[in-house]
Amino acid sequence: MLIKSAKYIVSSPDYEKCPPPDKKEYAFIGRSNVGKSSLINMLCNNDKLAKTSGTPGKTQLINHFEIVSVPEQTAQLSKAQANGTRWYLVDLPGYGFAKVSIRSRRRWEQMIENYLRKRENLKMVFVLIDSRHSPQKIDLDFLNQLDTWEIPFALVFTKADKETQAVVAKNVKLFLNTMRKTWQFLPQHFVTSANKKLGKDKILKLIEEKNEE
């Protein structure tokens, strides 16, 4: 899949104020400071699309971006294919640590839950996990919640360039092994680096497959 264009549409305080659910939608979420904005920018070939910040908890609304993509093999595309497939990429507020009030945090949590459970065109959630760390309870708890809500998701291990390959491989394996203790089937997972564009093609390929379903 090749991204032809990516543009910011709107930031919404509630799922009911999101754009009409007329396109397939893919949401990205993770703990604060997990590298979500950098990953989104890498996937869309636009360093300025999602705002990156050193301040955890910067994303506070449901941010919609409209993406136009075409198949990677463009030589024999039909006119419709050449015009591209339109879909939404959604940047959700992070969960976990952020320097905000308890009241604000609860509001975010309710906003995220309503979106995840009630947004009818949501095809998949990409949950970002920091590959530099051993398994964190807050990440595992969030995945268990998604399972309870029967929401399909994939794991994206971020910042793989910030540690040695051995450390990243160890942490990824440990995370998946921890899941195996209570999960019968494991979700798809990707190891990524925004700086090195690692994992980009594989994530976009999965989205392309979901778009074609």
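Readers should treat all values here as calculations from the given coordinates under stated rules, not as data from a laboratory. As the structure is a computational prediction, the values presented were derived from the model and not from experiment. Counting neighbours? That spans all protein chains shown, and the Cβs are built from the backbone with ideal geometry, glycine included.
For the chain, relative contact order (Cα pairs under 8 Å, six or more residues apart, normalised by length) works out to 25 percent. By the count of other C-beta atoms within 10 Å, a proxy for reagent exposure, Leu61, Leu43 are ordered fewest to most as Leu61, Leu43. In terms of other Cβ atoms within 10 Å, Trp87, Trp149 run from fewest to most in the order Trp149, Trp87. Among Thr192, Thr158, Thr85, the largest mean-square fluctuation in a Gaussian network model of the chain, built with springs joining Cα atoms closer than 10 Å, belongs to Thr85. Please check: in the Gaussian network model of the chain (C-alpha springs, under 10 Å), which one of His133, His64, His189 has the largest mean-square fluctuation. Greatest mean-square fluctuation among the candidates belongs to His133. In straight-distance terms, cross-link reach from Lys181 covers every one of the lysines whose alpha-carbon lies under 21 Å from its own, apart from those fewer than eight places away in the same chain; here that gives Lys137, Lys170, Lys173.
Each helix, a run of at least 4 DSSP H residues, gives -39500 (n - 2.57); summed and divided by the residues of the chain, these come to -10500 deg cm²/dmol at 222 nm.
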